[in-house]
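K.L.:
Sharing a structure, written as structure tokens. Questions coming.
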């Protein structure tokens, strides 16, 4: 994940682990920091904010469930930000609320079934976005074809050029939809530990 001085031993002493108040060994703290930073960057790459990625990372690396207060302390972010982003994580199905005996606060743990996370995220957003893109492309092609008879010769030529280019893009998104749908339908039958190669015919 993230690299830099944190993995070269330059780590603050006395920082708590996951809000428990217990200090970590410097290497453990460095790896924890690196993972959280890397997952924050990954979340940002996919269009989410970095706090979401760091919150998931903190929960994933915590052997025990964490409360919102634990996450506030561990990540040094506001309670409002943690609360808002936790709702997003729950909606994505990548964390779940758990009950801790003797404590009335809400506690959470990370989903560690990464295929389940993949299908949740793909189903919740990526497939929806692909479908929306296809609708826009098909709508644009329809508008162009309906308008072509009313255009002069030069505009008709350009409109037909547009249709050809948009058709190419539509083919790509249809292929993307096929891949995403196949992943969603077959994910439960795939053991990633057994996958050595993928053949595409």
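Since every read-out is calculated from the coordinates, none of them should be taken as a lab result. Not measured: the values here are computed from a predicted model. Every residue, glycine among them, receives a Cβ derived from its backbone with ideal geometry; neighbour counts consider all protein chains shown.
K.L.:
For residue 136 and residue 113, compute 0.36 nm times the residue count separating them, minus their Cα-Cα distance, and round to one decimal in nm.
P.N.:
Working: separation 23, 0.36 × 23 = 8.28 nm, distance 3.40 nm.
Value of the extension gain: 4.9 nm.
K.L.:
Once fully extended, how much extra length lies between residue 165 and residue 42, figured as 0.36 nm per residue of separation less the alpha-carbon to alpha-carbon distance? Don't skip to the end; give the middle numbers.
P.N.:
Values: separation 123, 0.36 × 123 = 44.28 nm, distance 3.17 nm.
Gain on extension, residue 165 to residue 42, equals 41.1 nm.
K.L.:
Give the residues of the stretch 59-86 whose amide nitrogen is closer than 13 Å to a point set 7 Å from the Cα of residue 100 in the direction of its Cβ.
P.N.:
59, 62-74
K.L.:
Follow-up question, since we're still on this one. Can you figure out the FRET efficiency of residue 83 with residue 128, using R₀ = 30 Å and their beta-carbon distance, to the nearest 0.05? Could the numbers behind the result be given before it?
P.N.:
Details: r = 25 Å, r/R0 = 0.84.
Working from the Cβ atoms, E equals 0.75.
K.L.:
Ok, one more. Which order do the peptides 145-152, 129-136, 46-53 take when ranked by the mean count of other beta-carbon atoms within 10 Å per residue, highest first? Before the final figure, lay out the partial values.
P.N.:
On the way: 145-152: 10.5, 129-136: 14.5, 46-53: 17.5.
Highest to lowest by the protection proxy: 46-53, 129-136, 145-152.
K.L.:
Take the Cα coordinates of the stretch 114-194, assign each an equal point scatterer, and use the Debye formula without solvent to give log10 I(q)/I(0) at q = 0.15, 0.17 Å⁻¹.
P.N.:
-0.63, -0.72
K.L.:
What's the exposure ranking of 33, 44, going from fewest to most Cβ atoms within 10 Å? Write down the numbers at each step before the final one.
P.N.:
Details: 33 21, 44 14.
So the residues, fewest neighbours to most, are 44, 33.
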